[in-house]
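What follows is a single structure, written as structure tokens, with notes after it.
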Amino acid sequence: MISFVGAGPGDVDLITVKGRRLLEEADIVIYAGSLVSNEHLKFCKDECEIKNSASMTLEEVIEVMESGERKAQKVVRLHTGDPTIYGAIREQMDILDDKGISYEVVPGVSSFTAACSAIKREFTLPGVSQTVILTRIEGRTSVPESEDLEKLASYGASMAIFLSIQQIDNVVEKLKKGYGRSDVPIAVVYKATWEDEKTIIGTLEDIAERVKAEGINKTAQILVGDFIYGKYERSKLYDPKFSHEYRKASK
Ligand code: SAH
């Protein structure tokens, strides 16, 4: 059996109970060594075979999975955060489908929610935004033109920008154009939930300078929007004057 497992953002206790159990039982673990904490591997059996996919190709990863499957071994493919977001799991699953090998996908805590927790905020505030956009700036991987950062920013939704910190100047420029103002709050969270986590909260005006001063150029989330600072409305759910399925309004 092959299990794609989300390891969570960093802190080893932020894997799911199910993910941890699969790691404990695994005969083979292929982990994304560039971002997944080694500490997860301490939960594996002594005889568990451990491979770091950082230096492997897709074909090599599949080969390890296939050989495990042939021996009826339990294989865990450990991805950072949640595997369904920038995890490059689809291409693995499609090959496994072609080969008739079954698999499961176990979700994880993504770095975008971990980063929002680190700054103690909520993406979805009544009267501010009820939408979260997860995106990235174009790098070596292209982004469809219709999803250009400037265009997305024009919606004024809450945004979590992955894989883009090394292009912070470009990001800020596009956001300024898209929002049409430069006082929009923005946070950069470096290595959310790791011991060396760093957070910076500022505006489009000062963030790039501060990110550079801290020397942050990888493994960071860029969170943008008025959910970070400013007014919002109270939720209807906990409003005494509002009834719902589980609670009657007080008179
Ligand atoms: N599947 C992962 C994302 C992988 S893409 C997830 O759900 O989080 C890698 C990008 O994720 C990094 O460039 C960075 O933008 C972000 N990232 C991953 N771990 C992070 C962390 N602990 N703190 C901040 N950003 C992180």
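Every read-out reported here was derived from the displayed coordinates using simple, explicitly stated rules and does not represent laboratory data. No experiment lies behind these values; they were computed from the predicted model shown. Methodologically, a virtual Cβ is constructed for each residue, glycine included, from the backbone with ideal geometry; neighbour enumeration extends over all protein chains shown.
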Cα-centred dipole magnitude for the stretch 111-224, charges only on beta-carbon of K, R (+1) and D, E (-1), debye, nearest 20
100
Quick test of your reading: applying the under-4.7 Å Cβ rule, which cysteines of the chain are isolated?
CYS116
Using the Cα gyration tensor of the stretch 111-224, with a ≥ b ≥ c the square roots of its eigenvalues, what is the shape: rounded (a/c below 1.5), prolate (a/b larger than b/c) or oblate (neither)?
rounded
Which one, GLY215, ILE168, SER117, is farthest towards the positive end of the dipole of the stretch 111-224 when Lys and Arg carry +1 and Asp and Glu -1 on their Cβ?
SER117
Relative contact order of the chain, please, whole-number percent, based on alpha carbon pairs below 8 angstrom and at least 6 residues apart.
19
Run the dipole for the stretch 2-106 about the Cα centre, Lys and Arg Cβ at +1, Asp and Glu Cβ at -1, nothing else charged, and hand back the magnitude in debye, nearest 20.
220
Dipole magnitude of the chain, debye to nearest 20 (Cβ charges: Lys/Arg +1, Asp/Glu -1, about Cα centre):
1180
State whether the stretch 38-91 is rounded, prolate or oblate according to the following rule on the C-alpha gyration tensor (a ≥ b ≥ c being the square roots of its eigenvalues): a/c under 1.5 gives rounded; otherwise a/b larger than b/c gives prolate, and the remaining case gives oblate.
oblate
Per the rule of 0.36 nm per residue minus the C-alpha distance, extending LEU134 to ASP94 adds in nm 12.0 nm
Mean ellipticity per residue at 222 nm, deg cm²/dmol - from DSSP H runs of n ≥ 4 across the chain, formula -39500 (n - 2.57)
-7000 deg cm²/dmol
Taking the Cα of ASP206, stepping 7 Å toward and past its beta carbon, and measuring to each backbone N in the stretch 153-196: which are under 12 Å?
186
From the gyration tensor of the Cα coordinates in the chain, what semi-axes in whole Å does the equivalent ellipsoid have, largest first, with each one equal to sqrt(5λ)?
36, 24, 17
Extension gain VAL143-LYS198, at 0.36 nm per residue separation less the Cα-Cα distance, in nm?
17.0 nm
State the answer as a single residue: which of GLY127, SER102, PRO83 lies farthest towards the positive end of the charge dipole of the stretch 1-153, with beta carbon charges of +1 for Lys and Arg and -1 for Asp and Glu, about the Cα centre.
GLY127
Overall form of the stretch 1-78 per C-alpha gyration tensor (a/c, 1.5; a/b vs b/c)
oblate
